[in-house]
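Input: a single structure, listed below in structure tokens.
Quick note: the coordinates plus some simple rules give every number you see, no bench work behind them. The structure displayed is predicted, hence computed values, not measured ones. In this analysis, Cβ positions are derived from the backbone assuming ideal geometry, glycine residues included, and neighbour counts consider all displayed protein chains.
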Amino acid sequence: MSTGDAESVIGHLRFSRPDLVLLDLYLDGPDGWEVLRDIKNQDPHLPVVIFTAYDSFMDDPRLSQADGYVIKSIDLGELKQKIAEFLNRKTANQPVLCLQASMAPK
């Protein structure tokens, strides 16, 4: 499931139970940090991986709220590894749902 604006992210979380959220910090509406805070307030155990094109957030203290941080790249190996880490924690017979929150191409 994918969404491009902050309000949709929170709305999707109310009606679905994703196993993981990939969150771009640049969304339409409230910024990604507010969305991260709202997600963690709603479900503190839901893993949220920040997936961004910017490496300037590496030292941002707000990043401690996230469960992972991956810089966008042509090579998706790091992203796949991070997703696998979280999804492998689930038992093999449980369904997996991932919510991706990022800006849609215009």
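Side notes on the structure shown:
- For chymotrypsin sites (Phe, Trp or Tyr not before Pro), the sites in the stretch 40-89 that DSSP calls loop and that have at most 14 other Cβ atoms within 10 Å are Tyr54.
- Length added when fully stretched, Asn41-Glu7, from 0.36 nm per residue minus Cα-Cα: 10.8 nm
- Packing-based exposure ordering (other Cβ within 10 Å, fewest first) of Ile71, Ile10: Ile71, Ile10
- Looking at the stretch 6-84, the trypsin sites (Lys or Arg not before Pro) that sit in a DSSP loop and have at most 15 other Cβ atoms within 10 Å of their own Cβ are Lys72.
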